[in-house]
Every structure is written in structure tokens, then in C-alpha cells.
Amino acid sequence: MSALVDEQRLEAAPEDCAPPRIKPHTTAEIRRHLRTPKTLWCPGCSNGTITRALIDAVLGLAIDPEKLVVVAGIGCSGRISAYLEYSTVHTAHGRALAVATGAKAADPGLEIVVVMGDGDCAAIGGNHFIHAARRNVDLTAIVFNNSIYGMTGGQTSPTTHLGDKSTTSVYGNVEPAFDLCELAHAAGATYVARGTAWSYQQLVNVIAGGIVHKGFSMVEAMAVCPVYYGRFNLTPDPAEFLRLQKEHAVPAAKFEDETRSHERYPIGVLHHAERAEFTTGLAGLKERAREAGHA
Amino acid sequence: MAISVTEAAKAGVPVLLQGNEAVAEGAIAAGVRFYAGYPITPSTEIAEVLSRRLPEVGGTFIQMEDEIASIAAVCGASLAGAKALTATSGPGFSLMQEMIGFASMAQIPCVIVDVMRGGPSTGLPTDPAQGDVMQARWGTHGEHSVIALVPSSVEECYTLTVEAFNLSEQYRTPVIILSDALIGHMREAVTLPHPDKLRVAERGMPDCDPDEYDTVSSTIDNILPRPPLGSPFKVHVTGLVYNRRSGAPDTADPATAADLGRYLREKIYHHRDAIVRVEEVEMDGAEVAIFAYGSVARSAMAVVKKARAQGARVGMVRPITLWPFPTAAVARMAEQVRTVIVPEMNIKQMSWEVEAAVKGRAKVVDYGRVDGELITPEEILELVKPEFYYHRWEDT
């Protein structure tokens, strides 16, 4: 349920919210969108998979790479900014959405994808996250959720589950985790989807759906972190971790009456609505101000 | 309003303006087309005026969720090609330090107005202070460069805002305007410069092919403009230490870090003679000088007039640029006078810096107030009198 009052709904949520179906691209095609083939991500990390899914979506939608801007935060996911051959900004921890809001408002012609980690987005950047969603800024936020702080070596994040172990929860985490999709929906995001590293094609499609959507889109990309999260909790084996991810993720259409947990969660487009978009509102405001100024 | 500020400037007629309004109008004249901010006393009028004025000229005003978001949005807008401004006061200025550091590191032109109030913490929200002058220089972590300007009048709120944007574009750096609650809320009748007479620096584009961009690099004497986001240059902007040529992050090579660190400092400090502006008042033959800035300089000016009228040779050195510190002007003053009096609405913040530049060549007398009250001409005169023990002061 949305936490907004006075929502300016443009039309009812579309009945069919299926995202575009993107044909996968060859590694050679993908490589042309990378500045470097080298990353600092650990073996078995999902970040490379999600990066490829983003490029696949960009290629599939035939977006001009010169018009595309990727704004990232700090953490393992933030490093994507240095790898992608687009205009890229590696901002400060948690601030990616605020920087992207300024860039989009100054130049609404930019196609902006914001990449954040779970701690980046929901802890230090939590305030910016709910307000970007409330404003319905036409940005596509992809949250790489590995349920832990990886870059700093495995500390508890706001998506670390109750009872999970981390280097700062050695006796088990006493805090519940955020459901980022529910949080985004409640805060006013108009396109909310979840994908997993396991279900690659589905992830590409929901990212593409987010980019196409006019308004604030949030795609939660469930990532495996065998080195930190897995070692302390599920499994340190990347393949086994991905297999567990496949078990835990349930297509949204089949999820209906199930109880959500970290071992049972829906994937796919979870929420899709049309509502007045922020930069469109700003453009209208400028028109009104100009008329008033000349009156 | 009978006549707009722009029309008054064109007609050369005086207009009654508040300091904060003058900052906002100066920003419009400087070509600012983006403002993001968060309400805070005593800076709020800047946001209020720009929320009305910016959309009229096709610009964007956003009230963000906090000051961190405000300066972050300003960085984003500047990277997208807009001249961008934010304004705040002490508590907000503290929050902004993180992204001021980012703007310094990533070399993002932008202007931050800090209308200083009493602190620390919530402090004295409606009273003037000058307690943020060192924070303006050293507030963010790490070695970086910064330019800070201090207006002493409503007119300077206007002209220095234009100059702040010129400096920020030229040197690709955040520029801080240190106003205070007195200057910000004071009203004066001012005749503003004709818009055609204002020098306004525009953001350029590097005159090279996008493919060559990674192979050219700025030098201290030729700071290349950064192409906007979403251009064929496909720039990478980062707060990590980066290679100045390619823009790629490089945290493994000490030589790369040294090159960037030195460059970020030297691109400002090498040009300090061109950047630094100081007003010298009645320094001809002065035996005692008052070093005063911002609202305190207004009281100091009254003292200089009173002392000179009575035959006591008192002058004033007023830094308009506080950072980089006007070391050369202070050194020159130290050679000439026997005493330098430094009244300021903080405790010794700039007098330390004055002492460092005076290097024992003159006596430095510091005087600070942190009670939210202005430093009056009478208080300063009482500091001047002992330095002229042989002089008979008439009561006035």
C-alpha cells in the first residue's frame, strides 16, 4: 500500500505489467559497453551478472550509449561506474539518488540509471530513497542486494535477515530486514520489480521495464555474496548459493497467498502505476511561472 | 514590486534589497539555472526568492529532503551542465561537508552560500556569527582546495555571487560565500552594475575530439572544462583518487595520488594573486591596522573614519577573499604597522592565520565575541586607543 496522500494518479495501473522481452546479446556486443574487462568483484559474486543484465537491457532497448548516464553509490556495486562505457558518476556513499535527481532535473533529456547496494540505498541513503520514490523522479534505480556490506568485509546491513551472522552480528542479527520492494512501493515508486542473478533473462526484462517506465523505477536485483554472506550463513559455494536462490524466488503470479520470508519471496514486476512524474511537473511549473512573470 | 531588480540594474537606479535577496538576484545574473536547498534560518530567503525567480527564467528550484541531498543535487545538476547554487547556515553547512569534499575531488563547479549564525549545533539560529570561517577551509576530510568569499554589504552579496560563479567555473571548484545573519538580513539601497557590465564566465567544452579526451589533461594554467553528462565524451566522475588524464580511478599508485593531490591544491594556490581580493582603507601612513571581514568590517570602517578624523593614523585591511588567505596583503601590512587588531565573531579563528602571516613583524591583538551580538565601533575603538597611548582622544 502506498504511503502517499493526494497521489495524482494519471490512470489506473495497467492490467498487464509484463516487461519488454529482451533478446540476449553476445559477449562481444556486451564488451563494447565496458571500459575494462577487469573488475575487483570476488569470484562467485553476482555483480558481474547484474552488470551484464543492465547492458543487455540497454542494448535490447537500443538506448543511445551517449545519452545514458549511470550514477552509482559506494560499495561493491558502486564500482560498476568505472566499468561501464557510458557517462558515469561514482558519487558518495548513499548519495547517488540525490545526485541523479539534480542531474535529471537539470537535463530531463538524460536517461539515468542509478546503481546502489542494499546498505547504500536503505541505510545511509534511506532518506534519499524514499524521497526519490515520493517525487516519482524518472530514474531507474537498481539495488544490488546481497544482504551484507561486502566492500568493508561482511557487516550487517538493513537487508541482513533476523538471526543472520555477520562480522558485526556474531551472535545473530537482532534486527529485522527491510523488504526493499515494499519500501519503494509504500514511498511512491511507480514501477517496482525484483529479479535474481539466477533468473538472468527475467532480470534483464525487469530492468528494461524499469528503464522504459516514465517515473521512479526500482529494481531489486538479488545478488549472491558467497565470500561474506554465504560463508557466514547459507553456503560459501557460489553454485549452491545460486541454486538456493532459485528455490527461494517464486514468480509473482504464483506467489499470491504465500508468506514472505528471506527463503520465499516473489520475483517479477510487483507494482506498476502511472502518476505525475517529477520533471514533467517542473516543466509545467516553469510554464506557469513564465506566464505569471510576463503578466 | 514597482520595478524588478534586473530592470533597476539596467536603468542604473537604486533598489532596496536584503542581503539574501541580493545573493539570489546575483545568482540569476550569473546565469544560475539550478538551486537545491533545505530551509534554515537565516538563509531561507535565498531559497524563497529563487523558488519564484528561477522558473521565470527557465531554471529549476528543488527543495530537497536535507542539506546533504541539496548539495548532492547541486553536484548532479552541475555535472549535467547547469550553473548550480545552494544556500544554508551552520548546521546545514556541517552536513554539506561530505559533498563539498566530493565536489573538490571531482572538480565540480558549484557555489555554496553559508549565512553564518551562532553555533556549534543549533546554537543561535537568528544571530550573526563568523564561526564557520575555518570550517569553510578545512571542513571536509583530506587535502583539497577551496575558495571562500566574504561579503560586507548587500551590494557585495550581489557582485560576489557573480564572482563566485566565475571563479568556480574557471577553476572547476566549489566556491563558498561566507555571509552572516547580519549581512543576509540587512536591507540597503544599492545601485547594481548594469547586466552588460558584469563579467559572467560560461561553461565551455574542451576543444578536442571525444576520442582524444582521455589523452589530454588540464594543467595548472589551462584547466579544461568538463563536458556534461550524456555527451559523446562519456566522462567518468569519481570521488576516488583518479588518474588526471584518463579519469579512471587508481588507488594503487602513490604517484597518481600525489599528482592529483598536488594539482587540486595548486590549481587554486598557484593563482592566488589572481583570485585574492583585499580592500585597503586609509592604509596610507597607517600605524595601526584593523583586519576585519564581513559584518565586522562595517564597524571597523566607522572606527577608521573616527580615528582619522581625530588625527590617529588607523587603517583597515578587509579580505574579500578569505580563502586562499591573503597572505601577501597581510605581510605587506605587517611591514608597515606596529599593531594589527583582529576583531571577529568567533574566538581567534582568523587571528591565528593573521599571526602566521605577520610572522612577528607586528603585534597582533585578537578580539572575539561569540554571544550573537555585533562587535560595535566603540568596542573596536577601545582596542585601538591603547595603541596610541600618546594621543589625546576626544569624547564623541
Original post:
Residue farthest toward the positive end of the dipole of chain A, with Cβ of Lys/Arg at +1 and Asp/Glu at -1: which of A:P158, A:N127, A:A72?
Top reply: A:A72
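Give the calculated FRET efficiency between B:V200 and A:K246 to the nearest 0.05, with a Förster radius of 56 Å applied to their Cβ-Cβ distance. It would help to have the intermediate numbers written out before the result.
On the way: r = 59 Å, r/R0 = 1.06.
That gives a FRET efficiency of 0.40.
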Subject >> Cα pair count fraction exceeding 43 Å, expressed as % - the protein assembly as shown >> reply: 31
**OP:** Express the C-alpha Rg of the range A:150-295 as a ratio against the empirical globular expectation 2.2 N^0.38 Å, rounded to two decimals.
**Re:** 1.34
Subject >> B:I220/A:R21 FRET efficiency (R0 60 Å; Cβ-Cβ; nearest 0.05) >> reply: 0.65
Original post:
Rounded, prolate or oblate: which one fits the range B:210-272, using the alpha carbon gyration tensor with axes a ≥ b ≥ c (rounded when a/c is under 1.5, else prolate when a/b beats b/c, else oblate)?
Top reply: oblate
**OP:** Find the percent of Cα-Cα distances in the range A:15-61 that exceed 12 Å, and round it to a whole number.
**Re:** 67
Original post:
To one decimal place, what Kirkwood hydrodynamic radius in Å is obtained for chain A from all pairs of distinct Cα atoms?
Top reply: 19.3
Original post:
To the nearest 10 degrees, how steep is helix A:200-212 against the longest Cα principal axis of chain A, on a 0 to 90 scale?
Top reply: 20
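Work through the residues other than B:K348 whose Cβ is under 13 Å from its Cβ and net out their charges, Lys, Arg +1 and Asp, Glu -1.
The answer is -3.
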**OP:** Sticking with the crude label model, points 7 Å out along Cα→Cβ, report the distance from B:A189 to A:K254 in nm, one decimal please.
**Re:** 8.1
Original post:
Can you pull the accessible area of A:W41 for me, 1.4 Å probe, Å² to the nearest 10?
Top reply: 30
Original post:
Setting aside same-chain residues fewer than 8 positions from B:K385, which lysines have a Cα under 20 Å from its Cα?
Top reply: B:K305, B:K306, B:K363
**OP:** Go through B:29-42, B:152-165 and give me the packing order, highest mean Cβ count within 10 Å leading.
**Re:** B:152-165, B:29-42
Subject >> 3J(HN,Hα) from dihedral phi, the range B:122-134, Karplus parametrisation 6.51/-1.76/1.60, rounded to Hz, x for glycine, proline >> reply: 5, x, 10, x, 10, 10, x, 7, 10, x, 9, 5, 7
Subject >> Farthest positive-ward along the protein assembly as shown dipole, Cα basis, beta-carbon charges - from B:M105, A:A28, B:G92 >> reply: A:A28
Original post:
In nm, to one decimal, how far is the modelled label at B:W352 from the one at A:E182, with both set 7 Å along Cα→Cβ?
Top reply: 5.1
**OP:** Note down the magnitude of the dipole of the protein assembly as shown about its Cα centre, charges +1 on Lys and Arg C-beta and -1 on Asp and Glu C-beta and zero elsewhere, to the nearest 20 debye.
**Re:** 1000
**OP:** Show the residues, 5+ positions off or on another chain, whose built amide H is closer than 5 Å to the amide H of B:D127.
**Re:** B:G118
Subject >> Angle between chain A longest axis and helix A:278-294 axis [Cα atoms, degrees, rounded to 10] >> reply: 20
Subject >> Residue-averaged 222 nm ellipticity for chain B, from DSSP H runs of 4+ at -39500 (n - 2.57), nearest 500 >> reply: -11500 deg cm²/dmol
Original post:
Counting only residues 5 or more places away or on other chains, whose amide H sits under 5 Å from the amide H of B:T60 once H atoms are built in the peptide plane?
Top reply: B:F34, B:Y35
Original post:
Going by the alpha-carbon gyration tensor, a ≥ b ≥ c the square roots of its eigenvalues, is chain B rounded (a/c under 1.5) or, if a/c is not under 1.5, prolate (a/b greater than b/c) versus oblate?
Top reply: prolate
Subject >> Extension gain (nm, one decimal) between B:A11 and B:S121, 0.36 nm per residue minus Cα-Cα >> reply: 35.2 nm
Original post:
With each label point set 7 Å from Cα along the Cα-Cβ vector, what nm distance links A:Q201 and A:D6?
Top reply: 4.6
Original post:
Which pairs in the list A:K214/A:K254; A:K38/A:K67; A:K38/A:K254; A:K286/B:K267 are over 31 Å apart, alpha-carbon to alpha-carbon?
Top reply: A:K38/A:K254; A:K286/B:K267
**OP:** Taking H placed 1.01 Å from N in the peptide plane, check which residues at least 5 places from B:G315 or on another chain put their amide H under 5 Å from its amide H.
**Re:** B:E287, B:V288, B:A289, B:I290
Subject >> Cβ charges +1 (Lys, Arg) and -1 (Asp, Glu), total dipole of the range B:210-272, debye >> reply: 300
Subject >> Accessible surface of A:D6 - all protein chains present, 1.4 Å probe, nearest 10 Å² >> reply: 140
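The values are calculated or read from the model by the stated rules, or taken from the named source; none is laboratory data. Fair warning: this is a prediction, and the values are worked out from it, not measured in the lab. Here the Cβ is made from the backbone with ideal geometry for all residues, glycine too, and neighbour counts use every protein chain on show. Note: accessible area is taken over every heavy atom of the protein model, side chains too, but ligands, DNA and RNA are not part of it. Shrake-Rupley method; radii C 1.70, N 1.55, O 1.52, S 1.80 Å.
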